[in-house]
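Q: Please find one structure pasted underneath; my questions will follow.
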Amino acid sequence: MTIIPEKKNFEQDIIPTPDGKNVKITFLQHASLLFEYDGLNIYSDPVSNFDDCTIDYTKLPQADIILVSHDHYDHLDLAAIDDILSSDTRIVCNPTSAQQLENATVMQNGDILKLHNNTIKIVAVAAYNTTEGHLQFHPPHRDNGYILVLGGLRIYIAGDTEDTPEAYGIKDIDVAFLPVNQPYTMTLEQASNLARAIKPTILYPYHYTDTDIAQLPKQLSDNNIDVRLRQMP
């Protein structure tokens, strides 16, 4: 029997919002994030087990909103969702994930959703592979990234994607989460090029497995981007 150690200590950042409040970001693991804003708990791709570590979601706050980018095992975990689900939780997902989830709100690429009296805005952004030989991992028009707007703070959670034309068209991003682990998502060069184009104030590489992400701040040292490395392998 494999014993999986429980991950108990999470790094957290607090970022001020234009409306005078704060967003607290908890870096869970891999692609799993928790955003706390104005008493609301918003999870992105909550997953219990990854890379020989487990998270006990019963010890974390119940979710007001859960974002699911796509239905791969490291992004959609029904057990983790069940642990943070309440009768009021709103699950937002792409179409293929909705086949496994009850009462989910489905967003297609380009859709816009406003929640909680318009204080929260969610935009679904196309997430897919573009490199020849990798297209089968994340084909076009299937998966989502999300722009999450909290109190005017614009957060781009890219999901599993390469540097697509849709991503290059994103503007006015305060915080960006970009995945860096080819062949499934971006190379360091792709992530650097996209970051230079969209110019987030803060950049977090995530979903990076064994990529040497310490190279990313070096590649972006000539840009006014705050590259922050957190435990998100």
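Q: Would you check which residues across segment 80-92 are of a type in the set (A, V, I, L, M, F, W, C) and either open to solvent by 60 Å² or more (accessible area, probe 1.4 Å) or over 17 Å from Leu34 (Cβ atoms) (or both) and list them?
A: Leu85
Q: Within segment 120-140, track down each residue that is without any contact (Cβ under 8 Å) to a residue 40 or more places away in the chain and in contact with a helix residue (DSSP H, G or I) (Cβ under 9 Å, 6 or more places away or on another chain).
A: Of everything in segment 120-140, those that are without any contact (Cβ under 8 Å) to a residue 40 or more places away in the chain and in contact with a helix residue (DSSP H, G or I) (Cβ under 9 Å, 6 or more places away or on another chain) turn out to be Tyr128, Thr130.
Q: Here is a further query. Looking only at segment 127-150, count how many residues are open to solvent by less than 10 Å² (accessible area, probe 1.4 Å) and in a loop (DSSP other than H, G, I, E, B).
A: Selection size over segment 127-150: 2.
Q: Which is closer than 22 Å to Ile170 by Cβ, over 17 Å from the mean Cα position of the chain (by Cα) and of a type outside the set (A, V, I, L, M), of Lys59, Lys7, Lys114? So that I can check it myself, show each step before the final result.
A: Details: Lys59 fails: closer than 22 Å to Ile170 by Cβ; Lys7 fails: closer than 22 Å to Ile170 by Cβ.
Testing whether each residue is closer than 22 Å to Ile170 by Cβ, over 17 Å from the mean Cα position of the chain (by Cα) and of a type outside the set (A, V, I, L, M) leaves just Lys114.
Q: Residues in segment 78-86: is at least one modelled with pLDDT of 95 or more, outside any strand (DSSP E or B), in contact with a strand residue (DSSP E or B) (Cβ under 9 Å, 6 or more places away or on another chain) and closer than 27 Å to Asp19 by Cα?
A: No, the conditions are met nowhere in segment 78-86.
Q: Among the residues of segment 109-122, write down those that are open to solvent by 30 Å² or more (accessible area, probe 1.4 Å) and either of a type in the set (Val, Ile, Thr) or part of a loop (DSSP other than H, G, I, E, B) (or both).
A: Asn109, Gly110, Asp111, Ile112, His116, Asn117, Asn118, Thr119
Q: Grab the strands (runs of 3 or more DSSP E) fully contained in segment 1-73, keeping just those with 3 or more residues being more than 26 Å from Asn103 (Cα to Cα) and open to solvent by less than 50 Å² (accessible area, probe 1.4 Å).
A: 22-29
Q: How about segment 187-210: which of its residues are open to solvent by less than 60 Å² (accessible area, probe 1.4 Å), at pLDDT 95 or above and part of a loop (DSSP other than H, G, I, E, B)?
A: Once the filter is applied, which keeps residues that are open to solvent by less than 60 Å² (accessible area, probe 1.4 Å), at pLDDT 95 or above and part of a loop (DSSP other than H, G, I, E, B), segment 187-210 yields Thr187, Pro200, His207, Tyr208.
Q: Please determine, by comparing only the residues of segment 154-172 that are touching a helix residue (DSSP H, G or I) at 6+ places or on another chain (Cβ under 7 Å) and among the acidic types (Asp, Glu), which one is surrounded by the most Cβ atoms within 10 Å (Cβ to Cβ).
A: By that ranking, first place goes to Glu162.
Q: Evaluate segment 95-108: report whether one residue or more is without any contact (Cβ under 8 Å) to a residue 24 or more places away in the chain, in contact with a Cys (Cβ under 8 Å, 6 or more places away or on another chain) and open to solvent by 50 Å² or more (accessible area, probe 1.4 Å).
A: Within segment 95-108, one or more residues are without any contact (Cβ under 8 Å) to a residue 24 or more places away in the chain, in contact with a Cys (Cβ under 8 Å, 6 or more places away or on another chain) and open to solvent by 50 Å² or more (accessible area, probe 1.4 Å).
Q: Might you check whether a residue that is outside any helix (DSSP H, G or I) and over 18 Å from the mean Cα position of the chain (by Cα) occurs anywhere in segment 92-99?
A: Within segment 92-99 (the criterion being outside any helix (DSSP H, G or I) and over 18 Å from the mean Cα position of the chain (by Cα)), the answer is yes, since at least one residue qualifies.
The values are calculated or read from the model by the stated rules, or taken from the named source; none is laboratory data. Keep in mind it's a predicted model, so treat the numbers as computed, not measured. Every residue, glycine among them, receives a Cβ derived from its backbone with ideal geometry; neighbour counts consider all protein chains shown. Only protein heavy atoms, including side chains, enter the accessible area calculation; ligands, DNA and RNA are left aside. Shrake-Rupley method; radii C 1.70, N 1.55, O 1.52, S 1.80 Å.
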